[in-house]
Amino acid sequence: MYLTPDLSPLAAEFFVLIMACVVMVADLYFADDEHKLTYWLTQLTLGVAAFITAGHLATEPQVLYQGTFVVDYMAGILKIAIYIATMISLLYARDYIAVRHFLKGEYYMLTLFSVLGMMVLVSAHSLLTVYLGLELLSLPLYAMVAMERNNGNASEAAMKYFVMGAIASGFLLYGMSLIYGATSTLELTAILNSLGHLGQNQLMVNFGLMFIVAGLAFKIGAVPFHMWVPDVYHGAPTAVTLFVGSAPKIAAFGMMIRLLVDGLAPLLHQWQSLLIIMSILSMAVGNIVAIAQLNLKRMLAYSTIGHVGYFLLGILSGNNEGYAASMYYILIYALMTLASFGMIVFLSRAGFESDKISDFKGLAKRSPWYAAMTMFTMLSLAGVPPFVGFWPKLEVIKAAVHGGFVSLAVFAVVMSLIGAFYYLRIVKTMYFEELDEPAKPIVVASDVRLMMIANGMAMLVLGIFPGWILQYCLTAFGL
Amino acid sequence: MITMAGERNQGLSKVLSLFVALVTLALSVSLWMHFDASTAAMQFTENAAWLPSLGISYSLGVDGFSMPLIVLTSLINVIVIIAGWRVINDRPSFYMASFLVMTGLMNGVFAALDAVLFYVLWEGMLIPMFLIIGIWGGPKRIYATLKFFLYTFFGSIFMLIALIYMGIKQGNFSILEMHNLPLSMEAQTYIFFAFLIGFAVKVPMFPVHTWLPDAHVEAPTGGSVVLAAIMLKMGTYGFIRFSLPITPDAASHYSWVVIGLSLIAVVYIGLVALAQKDMKKLIAYSSIAHMGFVTLGFFVIFALMQSGSEDAAKLAMQGGLFQMISHGFISAAMFLSVGVLYDRMHSRNIYDYGGVVNTMPKFAAFFMLFTMANAGLPGTSGFVGEFWVILSSYQANFWYAALAGTTLILGAGYSLWMYKRVVFGDIANENVAKLQDINGRETLFLTILAVVTLLFGLWPEPLVHVMQASVNHLLQCGIQSKLSGIVGVCH
């Protein structure tokens with residue numbers, strides 16, 4: 001007899017899916033110029049989804065639906081972080097996209113579908129679901145990057161993003177098919193168990209692993225697969241960059257853990273050496289090239305590459321402490337990305353992008369508060385205590401030292417010194433330089449302003465009380 | 001005891017910041033009053049879990065090394081706020097707030113008993129200083145402040161790695177437990193040099209001293225004062241809190257490195273100071289030379305302990321500590337004096353002055369005292385520390401003392417020569433002729449510093465008394481070899 005499986009663990013996913021459709025339809029019938037209804041409906045969806053997920057927060061991992069889906073603590077925390085990051089990015093994006101005339105209901109609908117993809121991805125427990133989640137996450141993003149149709153840069157960025165993303169998916173799929181060929185299963189636990197006695201298939205698995213790691217590296221933008229990152233970050237409308245840079249990174253972390261740890265942990269030594277090389281290159285290229293950038297969005301794109309290097313440091317140390325450190329890193333990183341790109345969105349107006357470093361000149365005189373918030377964010381990105389960015393850096397470096405990679409840790413701190421230089425340059429521009437022309441007032445809605453200040457203050461407050469977010473990450477890995 | 005002055009002042013609330021500074025001072029003076037000088041253990045400890053899952057805690061406490069430094073910091077803060085009262089016109093509340101935040105952080109550095117807390121405060125302190133130099137500094141301030149920040153950041157990241165390594169090894173980050181952590185010679189060597197880089201940048205020692213003249217020259221007077229009087233002390237404080245007790249064997253084995261660098265600082269930097277045309281630069285170089293005495297005193301103890309002269313080692317240690325405090329007052333006074341002149345003339349160039357005594361007799365008298373103290377004249381606090389260090393290092397090696405002794409000539413040379421060119425002679429130009437003598441506010445802070453300088457010069461006993469127990473403890477237990485396998489006999 002066929003039993004209908006219990007679908008309640010999927011409640012949040014179903015809810016987001018249904019609401020995405022509702023948003024799409026509602027926007028057709030009830031749309032006003034500002035799409036207020038759709039906006040609030042989307043925010044509401046994410047808020048309710050957060051409650052549903054929080055209600056189902058499981059401490060014991062449950063593998064469901066013939067091993068395709070897993071509900072565990074890590075997935076829950078990552079999903080909640082994804083909702084929050086998305087909510088903040090939508091709030092920041094609202095006015096920006098309205099002014100640039102591409103505020104359409106589709107924007108919110110695409111966002112929700114992308115979020116759904118992320119949710120599937122972090123809960124995936126078979127190669128098939130991983131791929132499904134990844135594509136569902138990526139396709140709406142390509143469209144969002146291209147939404148500002150009359151902007152050449154954005155179209156170029158979308159094209160590049162799409163082609164690169166397709167190549168990465170191709171790599172990933174090829175790797176997955178090789179693994180499937182060797183182990184004849186798609187389910188991650190089954191793969192894990194069969195890796196021990198492969199016999200002749202070892203070579204095939206190693207080969208597949210190379211492709212999987214390459215595909216992952218494409219997605220997270222690790223060197224040498226990073227070429228698309230600066231162009232996409234720069235070309236995409238800032239409001240979209242904001243989203244691309246935050247929530248999907250959290251999901252990408254989930255994907256890495258699922259594939260490399262849940263599925264391919266016995267191959268630790270193989271992927272470890274690959275990640276070490278990528279980590280070193282990312283830290284070096286990201287931090288050094290960022291110095292030469294004059295465009296703030298490009299600079300932050302390279303800084304992302306650098307941060308990916310640090311983030312990999314935790315994963316490559318190959319123990320639960322390191323994974324927790326990386327998870328902490330990515331959560332804090334998403335928050336810092338929101339703050340930094342949020343500030344660019346915040347200072348831009350119709351016809352003025354405010355994305356050059358020189359646009360921040362004299363900000364401290366114009367509006368001391370926003371300058372202070374930006375300073376907090378930059379120092380946090382640089383990893384200067386007492387700001388929050390210091391703690392994840394400390395954690396991943398600690399994990400690396402613990403894993404026996406002391407020289408790698410030394411390299412990481414030297415690179416963070418180089419990184420400090422270009423973040424400080426922003427602070428310098430804001431505080432020590434004067435604006436040449438008379439400043440235009442900064443006009444923003446009060447809820448956005450409030451969020452911006454909360455976001456900036458979070459850099460300091462979480463830096464002084466870093467414990468609780470870290471605790472979630474440690475719990476997620478049973479520490 | 002919490003002197004974390006995190007208060008921010010909005011508006012033109014200079015009064016409020018002065019009030020906060022005075023309260024902080026009162027708190028730290030009461031700390032002195034209630035300090036139990038008979039023990040080397042940490043006092044007034046405060047403990048709170050911060051990140052218990054990682055073994056990081058918020059723990060503070062003071063001993064004979066840190067307590068005087070906290071009092072010094074608080075006093076200097078009051079003086080800086082008085083000194084900046086009328087001079088700072090651009091965003092004064094921000095200026096005052098930066099100094100208060102910085103004082104809080106610096107006191108925290110001296111009181112921290114957790115390595116991560118120490119690191120957080122140590123780095124956090126750079127941010128207000130970065131802003132102070134960058135916003136209120138001189139024409140080349142941006143270059144200077146970036147150099148300052150990056151240099152110090154560079155130094156401390158190696159320290160961080162060393163701290164993380166030990167933190168993992170012992171499972172928590174308590175500094176006092178690190179003192180007992182058994183470490184092999186190889187590990188000690190790495191840790192010692194990691195610390196050396198971090199602290200040497202801060203002291204600063206030759207050859208990583210080049211940020212100091214730039215930062216000093218470009219910083220506003222208050223910034224220079226805090227830099228010279230307190231920040232430099234953090235480096236030497238780091239040596240006694242971390243390097244000596246955590247890596248005693250490596251410190252003993254490589255003490256020649258530090259001694260050598262200290263002597264280069266004393267002699268070579270002393271000569272460099274002679275050649276300066278800029279008053280602030282001259283004082284900055286003289287600071288480096290004076291700090292050379294502190295590090296010399298701290299590291300010569302190994303040679304002395306080996307030759308069995310424990311009393312001489314004690315004297316060297318105390319000399320170094322005394323020099324730290326005394327230099328804090330003297331360098332602050334020197335920078336303030338130059339600041340007084342700069343506020344009137346907007347020039348730090350020695351050649352723009354001459355004959356100041358004719359128009360500013362009161363100021364000339366104060367300046368004379370501080371210059372003499374800087375040159376190490378007996379009767380001023382500048383003499384005591386240097387004399388003790390020279391005296392004890394003579395017992396270790398004649399040449400140490402001989403080279404260190406050249407400072408008496410060089411110091412007198414650059415200090416008094418500068419004084420002569422600035423103050424004596426005929427009135428050099430009409431700008432000098434128009435100078436007004438110091439006002440009440442300026443008299444106030446110069447008097448405070450003059451009194452302290454003379455007091456400690458004539459009667460060093462109270463300071464020595466509070467440090468005594470900690471010095472004895474460090475010499476008898478702290479620097480005991482960790483290689484013999486008998487660890488923790490003293491604890």
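Some points to look at:
- Members of the range B:161-193 that are over 25 Å from residue B:60 (Cβ atoms), assigned to a loop (DSSP other than H, G, I, E, B) and among the hydrophobic types (A, V, I, L, M, F, W, C): B:183
- Counting residues in the range B:82-92 that are in a helix (DSSP H, G or I) and surrounded by fewer than 23 Cβ atoms within 10 Å (Cβ to Cβ) gives one or more.
- Taking residues in the range A:385-396 that are at the interface with chain B (Cβ under 7 Å from one of its Cβ atoms), and partners anywhere that are acidic (Asp, Glu), the pairs with Cβ atoms closer than 6 Å and at least 6 places apart or on different chains are A:385/B:123.
- Test: residue in the range A:129-137 that is in contact with a helix residue (DSSP H, G or I) (Cβ under 6 Å, 6 or more places away or on another chain) and aromatic (Phe, Trp, Tyr): no
- All positions within the range B:114-135 that are more than 10 Å from chain A (Cβ to nearest Cβ), more than 19 Å from the chain's Cα centre (by Cα) and assigned to a helix (DSSP H, G or I): B:115
- For the range B:145-154, a tally of residues being more than 7 Å from every other protein chain (Cβ to nearest Cβ) and surrounded by fewer than 24 Cβ atoms within 10 Å (Cβ to Cβ) returns 2.
- Against the test of being touching a helix residue (DSSP H, G or I) at 6+ places or on another chain (Cβ under 7 Å), without any contact (Cβ under 8 Å) to a residue 24 or more places away in the chain and not basic (Lys, Arg), the options B:240, B:168 yield a single qualifying residue, B:168.
- When residues in the range B:88-107 are screened for being within 17 Å of the chain's Cα centre (by Cα) and at the interface with chain A (Cβ under 10 Å from one of its Cβ atoms), 1 of them pass.
- Test for residue B:235: is it closer than 24 Å to residue B:256 by Cα, more than 14 Å from chain A (Cβ to nearest Cβ) and not in a loop (DSSP other than H, G, I, E, B): yes
- For the range B:155-167, a tally of residues being facing chain A (nearest Cβ under 8 Å) and out of contact with any Gly (no Cβ under 9 Å at 6 or more places or on another chain) returns 3.
- Annotation: of all residues in the range B:171-189 being within 14 Å of chain A (Cβ to nearest Cβ) and free of Cβ contacts under 8 Å to residues at least 60 places away in the same chain, the one that is farthest from the chain's Cα centre (by Cα) is B:186.
- Each residue in the range A:415-436 was checked for being within 9 Å of chain B (Cβ to nearest Cβ), part of a helix (DSSP H, G or I) and over 25 Å from residue A:331 (Cβ atoms), and 5 pass.
- Highlighted here are the helices (runs of 4 or more DSSP H) found entirely within the range B:307-413 that include at least 2 residues which are more than 30 Å from residue B:470 (Cβ to Cβ) and over 21 Å from the mean Cα position of the chain (by Cα): B:310-345, B:356-359, B:361-375.
- Looking at the range A:246-342, the helices (runs of 4 or more DSSP H) lying wholly inside it that each contain 2 or more residues that are more than 14 Å from the chain's Cα centre (by Cα) sit at A:268-291, A:296-316.
- Residues that are of a type in the set (Phe, Trp, Tyr) and either modelled with pLDDT under 70 or out of contact with any Leu (no Cβ under 8 Å at 6 or more places or on another chain) (or both) were ranked within the range B:22-56; the one that is surrounded by the fewest Cβ atoms within 10 Å (Cβ to Cβ) is B:32.
- Scanning the range A:397-411 for residues that are surrounded by fewer than 24 Cβ atoms within 10 Å (Cβ to Cβ) and more than 8 Å from chain B (Cβ to nearest Cβ) yields A:403, A:404, A:405, A:407, A:408, A:411.
- Look at (1) at pLDDT 80 or above; (2) farther than 30 Å from residue B:305 by Cα; (3) surrounded by 16 or more Cβ atoms within 10 Å (Cβ to Cβ) and you find that residue B:455 fails only one, number (3).
- Qualifying positions in the range A:359-384 - away from chain B (no Cβ under 11 Å) and part of a loop (DSSP other than H, G, I, E, B): A:361, A:362, A:367
The values are calculated or read from the model by the stated rules, or taken from the named source; none is laboratory data. Since this is a predicted model, take the numbers as computed values, not measurements. Here the Cβ is made from the backbone with ideal geometry for all residues, glycine too, and neighbour counts use every protein chain on show.
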